[in-house]
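To start, the structure under review is shown below, and the notes come after it.
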Amino acid sequence: MEQISMLKTKNGWTPLHYAANNNSKETAEILISNGADINAKDKDEATPLHWVANNNSKETAEILISNGADINAKDKDEATPLHYAARDNSKETAEILISNGADINAKDKDEATPLHWAARDNSKETAEILISNGADLNAKDKDEATPLHCAANNNSKETAEILISNGADINAKDEDGCTPLHYAARI
């Protein structure tokens, strides 16, 4: 039933995007079994898996992945579902994505990794998962800021503590020569 994938809103959402966003596991299964495009992209090029990660919909994530969802699909800003999970502290979904091969150090258009996103939004639990699975603590974005810079800039104290206790470079400098302490002092 190719028609299911052709049903799109003005924002490009298919019925599967809605099912994913609302953690409607049964609806997702029905749509997929009737030919819904598992990797359909909305106007922002986000797939249903991006929206599942955004809302920590563990069971729906498992269904999408087992039916061939692209784990490392990129939206218009080159963010992957793992970026979304990191931003929204979707711990269980992050674990599922990582265990199914998500690129833990994927970079978005600003060269930020999921750990940058977790640090920026004080997603402590997801940051811990990313770190325990080998995320680069000192990855640099386009401005040469590390996740610790992001945590300091956004007053994400708990995540900053996790980064430091796991060996993040407290003396790392961004393109302007600022350390995370410079960022923290601006808050």
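The values are calculated or read from the model by the stated rules, or taken from the named source; none is laboratory data. All figures in this text were calculated on a predicted structure; none of them were measured in a lab. FYI the Cβ positions are ideal-geometry reconstructions off the backbone, even for glycines, and counts take in every protein chain you see.
Observations on the structure shown:
- Ile65 out of contact with any Cys (no Cβ under 7 Å at 6 or more places or on another chain) and within 21 Å of Ala168 (Cα to Cα): no
- Residue within the stretch 45-60 that is buried (at least 23 other Cβ atoms within 10 Å of the Cβ), modelled with pLDDT of 95 or more, part of a loop (DSSP other than H, G, I, E, B) and not hydroxyl-bearing (Ser, Thr, Tyr) present: yes
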